[in-house]
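Down below is the structure, laid out as structure tokens.
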Ligand SMILES: [Zn+2]
């Protein structure tokens, strides 16, 4: 458990989401930020009508590095039971539905993809995201491009 204060400003972390705790793994050079949506009710992702929590599912997203550590956001994402639309998982403000990456991480990867040297290719939807290039390495590759 580490100080959560610096992580309260994570982009996209808006009401009702709050930082529950932060785990820093010095040996593994990994930061896990656990966020929580509170008790609800939450807006139905289809119609916006407030609806009660039905259940929740664990999810995690690769975020931009912090302190050069790979950084993950983890959450139990609630599903609501809307009277009109049935059981739906609520949207999280920091990532697109179904993505394993935060919107900021995807934006960086997409911005840099066209700038990588030939032969170095990657996908922002790689199945093996644990070995995904650290964002800092992507930036180094970008900065060593001729003309940069
Ligand atoms: Zn609805």
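Any residue in the stretch 10-22 that is closer than 13 Å to residue 88 by Cβ and buried (at least 19 other Cβ atoms within 10 Å of the Cβ)?
No, the stretch 10-22 has no match at all.
In the set 89, 145, which member is modelled with pLDDT of 90 or more, on the phi < 0 side of the Ramachandran plot and out of contact with any helix residue (DSSP H, G or I) (no Cβ under 7 Å at 6 or more places or on another chain)?
Exactly one residue qualifies, and that residue is 89.
Picking from 74, 106, which residue would you name as being at pLDDT 90 or above and more than 12 Å from the ligand (Cβ to nearest atom)?
Of 74, 106, the one residue that is at pLDDT 90 or above and more than 12 Å from the ligand (Cβ to nearest atom) is 74.
Among the residues of the stretch 80-90, which ones are exposed (fewer than 13 other Cβ atoms within 10 Å of the Cβ) and part of a loop (DSSP other than H, G, I, E, B)?
If the condition is that a residue be exposed (fewer than 13 other Cβ atoms within 10 Å of the Cβ) and part of a loop (DSSP other than H, G, I, E, B), then 83, 84 are the ones that fit.
How many residues does the stretch 26-52 contain that are within 18 Å of the chain's Cα centre (by Cα) and not in a loop (DSSP other than H, G, I, E, B)?
Count: 7.
So, residue 127, is that one surrounded by fewer than 16 Cβ atoms within 10 Å (Cβ to Cβ), assigned to a loop (DSSP other than H, G, I, E, B) and either at pLDDT 75 or above or away from the ligand (no atom under 16 Å from the Cβ) (or both) or not?
Considered against the rule, which asks whether it is surrounded by fewer than 16 Cβ atoms within 10 Å (Cβ to Cβ), assigned to a loop (DSSP other than H, G, I, E, B) and either at pLDDT 75 or above or away from the ligand (no atom under 16 Å from the Cβ) (or both), residue 127 comes out as yes.
For the stretch 59-68, indicate whether the set of residues that are in contact with a strand residue (DSSP E or B) (Cβ under 7 Å, 6 or more places away or on another chain) and within 16 Å of the ligand (Cβ to nearest atom) is non-empty.
Checked the stretch 59-68: no residue is in contact with a strand residue (DSSP E or B) (Cβ under 7 Å, 6 or more places away or on another chain) and within 16 Å of the ligand (Cβ to nearest atom).
Can you go through 6, 45 and tell me which one is within 16 Å of the ligand (Cβ to nearest atom) and either within 17 Å of residue 67 (Cα to Cα) or surrounded by 14 or more Cβ atoms within 10 Å (Cβ to Cβ) (or both)?
Answer to the check: 45.
The values are calculated or read from the model by the stated rules, or taken from the named source; none is laboratory data. Please read these numbers as outputs of a predicted model, since none were measured by experiment. Every residue, glycine among them, receives a Cβ derived from its backbone with ideal geometry; neighbour counts consider all protein chains shown.
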